Every structure is written in C-alpha cells, then in structure tokens.
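A.B. asks: First the structure, which I've put down as structure tokens, then a few questions once you've had a look.
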Amino acid sequence: MADRLAGKVAVITGGASGIGEATARLFASEGARVLIADRNADRGPEVAAEIGEAALYVETDVRQSEDVQGMFAAADDAWGRVDVIYNNAGVGPPEDNIRDCPEKTYDLVSDINIRGVWLGMKYGIPHLERAGGGSIIATASVAGLVGLAGMAAYCASKGAVIAMVQAAAGEWASKGIRINCICPGGIATGQGWLSQERVEQSRQDWARIHPVGRSGEAIDIANAALFLASDASALITGQKLVVDGGWTGPDGRYDELTGRDWTQV
C-alpha cells in the first residue's frame, strides 16, 4: 500500500459508481479514510464494505443542503476531520436541442451539477478550515470548455463548475485550501443510466475521438484526483486539469482526417 494520502479523510460524492467509486478505492489504497456519499443505497454500502474499515457510506442527495451538511458531519463524527472533498456527483442525461429539451431535464442537470458542487464547497470549507487547510476537487468536463451540440444544459453546468472553482480558489488560497477541477474527456462509465452494451459502444466511440486512440476509464480520472488531493500538487489551485486523451489539445491526425499527404507537395 502506498501512502500519498496517509492520515487524510476524504469525502467523495457520487462515490458508489464510476469515477467516484474508482477514486474511493484508490484513495483508500493510498492510506485515506473515505466517506462515500451517494443516493444509491444499494451499491453504496457494497462499495464501502468491499473497501473495508477505511470506508463509510452515507446516503446523500447533493441537491439537499441538509444531506450535504450531514455527510460532512458523518465524516467528522467517524474520523474527527475532513481534509479532501471531491465534489464528483453529476448527471448527463439525454437533452436534445435547446428548443426540445424538457425544462425538468435542465433543472436536474443544473441542480446536481452546479448546486451540488456549490453546496459541497459551502458546507465543506468550514471543515477544511478547522483541519488547517485541504483540497477541494470538482468534476467538470471538456463540455465546459467547448460547445457540444445536443448538450447545452450539460455544457453550461460544467462551464459553471470551472468558473466557480476559479472564483472560490481565489477566496480561500490564503487559508491553505486549494480548489481545482478535472475536465474529463470521453469516459466509459455510463453514469449509471446506460446499459453495459451502450457503455462498450461509447468506449469504441471515444477511442475514435481521442487522438491517443483509446477511451478514458474511471481510473484515469481517479489518478488525476489523487494528484490534486495529495501534497504533490501543493502549489496548484484554481486550475482545470484536462484529462481527455488529447481531444481538446493539439491533434496530430490532420493528414488522416483530411485525407491529405503533406509529404507530397
């Protein structure tokens, strides 16, 4: 077992599946005690039990301030402190275009993806202050950096997370509280609403889109979260860490995509 998070207590929302589950398992393997906050009252206790005594599950709806306050209180009661907050819970349901997107879909995306992160910061920061500092991480997305047709509400929500992180980082840097976000590219997790068959199709799709030639996996984002949670990133705050296989960066496939051979002029 490594010890990059030895002695630290981490609260992870959306920790019962996907990126959150992978992060909870990785953090625990690195010496952290982990509170898994999630609405999934079936899977959450299973994940905590599989991790062992270093993990605790608390049923949590990140849209509800009482639930968010409760998850922090539970971590404090169990372990006496909170050092790392990973506001990871999010949704990305089918939207259609802006004209045809149901208002209830927009409200769901905004409430979980924006309000959930805001509440996680609002009620988590006092715990980090008492601990003498710490790290807050949020899951944003490349969708907050570029416009993706048919995902306007999701893009807006993740853009808001990026802006929120940058603003909050400036507010709390002098208190030793670092606040950053991760912008995943295509990650084959399904967010709990896709069938395994559809997840596998997404994995193949992302492999074509990402210049590195493979889909992102939950562990890729968990590793980024570990870096931001650990002292290895002690001088980093207010940043967006893009983990997208080169999707939004320089793309070396110009010849392939255009059908041109620049060796022949």
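None of the figures in this text is laboratory data; all of them are computed from the coordinates on show. The structure presented is a predicted model; accordingly, all values stated were derived computationally and were not measured. Quick reminder, even Gly has a Cβ in these numbers, built from the backbone with ideal geometry, and neighbours come from all protein chains shown.
A.B. asks: Scan region 208-234 and report the pairs whose first residue is farther than 19 Å from residue 179 by Cβ and in contact (Cβ under 8 Å) with a residue 40 or more places away in the chain and whose second residue is surrounded by fewer than 23 Cβ atoms within 10 Å (Cβ to Cβ) and among the polar types (S, T, N, Q), with Cβ atoms within less than 6 Å and a gap of 6+ or a chain change.
C.D. replies: Final answer for the pair search is 218/189.
A.B. asks: Right, residue 173: in contact with a Phe, Trp or Tyr (Cβ under 7 Å, 6 or more places away or on another chain) and of a type outside the set (Phe, Trp, Tyr) or not?
C.D. replies: no
A.B. asks: Considering only residues of region 69-111 that are among the polar types (S, T, N, Q) and within 23 Å of residue 21 (Cα to Cα), which is surrounded by the most Cβ atoms within 10 Å (Cβ to Cβ)?
C.D. replies: 87
A.B. asks: Moving on. Can you tell me which residues in region 157-181 are over 16 Å from the mean Cα position of the chain (by Cα) and part of a helix (DSSP H, G or I)? Steps first, answer last, please.
C.D. replies: Start the filter on region 157-181 by keeping residues that are over 16 Å from the mean Cα position of the chain (by Cα), which leaves 167-177.
Result: 167, 168, 169, 170, 171, 172, 173, 174, 175.
A.B. asks: Considering only residues that are part of a helix (DSSP H, G or I), farther than 24 Å from residue 176 by Cβ and free of Cβ contacts under 8 Å to residues at least 60 places away in the same chain, which ones fall in region 107-143?
C.D. replies: Listed by number, the residues that qualify are 107, 108, 109, 110, 111, 112, 113, 114, 115, 143.
Let's see how each residue does on (1) part of a strand (DSSP E or B); (2) buried (at least 24 other Cβ atoms within 10 Å of the Cβ); (3) hydrophobic (A, V, I, L, M, F, W, C); (4) in contact with an Asp or Glu (Cβ under 8 Å, 6 or more places away or on another chain):
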| site | (1), (2), (3), (4) |
| --- | --- |
| 26 | no, no, yes, no |
| 31 | no, no, no, yes |
| 35 | yes, yes, yes, no |
| 41 | no, no, yes, yes |
| 45 | no, no, no, no |
| 50 | no, no, no, no |
| 53 | no, no, no, no |
| 56 | yes, no, yes, no |
| 62 | no, yes, yes, no |
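A.B. asks: Any residue at all in region 227-236 that is loosely packed, with under 14 Cβ neighbours inside 10 Å and assigned to a helix (DSSP H, G or I)?
C.D. replies: Scanning region 227-236, I find at least one residue that is loosely packed, with under 14 Cβ neighbours inside 10 Å and assigned to a helix (DSSP H, G or I), so the answer is yes.
A.B. asks: Determine which member of the set 47, 34 is farther than 13 Å from residue 88 by Cα and within 17 Å of the chain's Cα centre (by Cα).
C.D. replies: 34
A.B. asks: Follow-up. Could you check, for region 79-97, whether at least one of its residues is at negative phi and in a helix (DSSP H, G or I)?
C.D. replies: yes
A.B. asks: Scan region 36-62 for residues that are among the aliphatic types (A, V, I, L, M) and more than 24 Å from residue 110 (Cα to Cα) and jot them down.
C.D. replies: The answer is 47, 48, 49, 51, 54, 55, 56.
A.B. asks: Scan region 39-62 and give yes if some residue there is among the hydroxyl-bearing types (Ser, Thr, Tyr) and touching a Lys or Arg at 6+ places or on another chain (Cβ under 8 Å), otherwise no.
C.D. replies: Yes - at least one qualifying residue is present in region 39-62.
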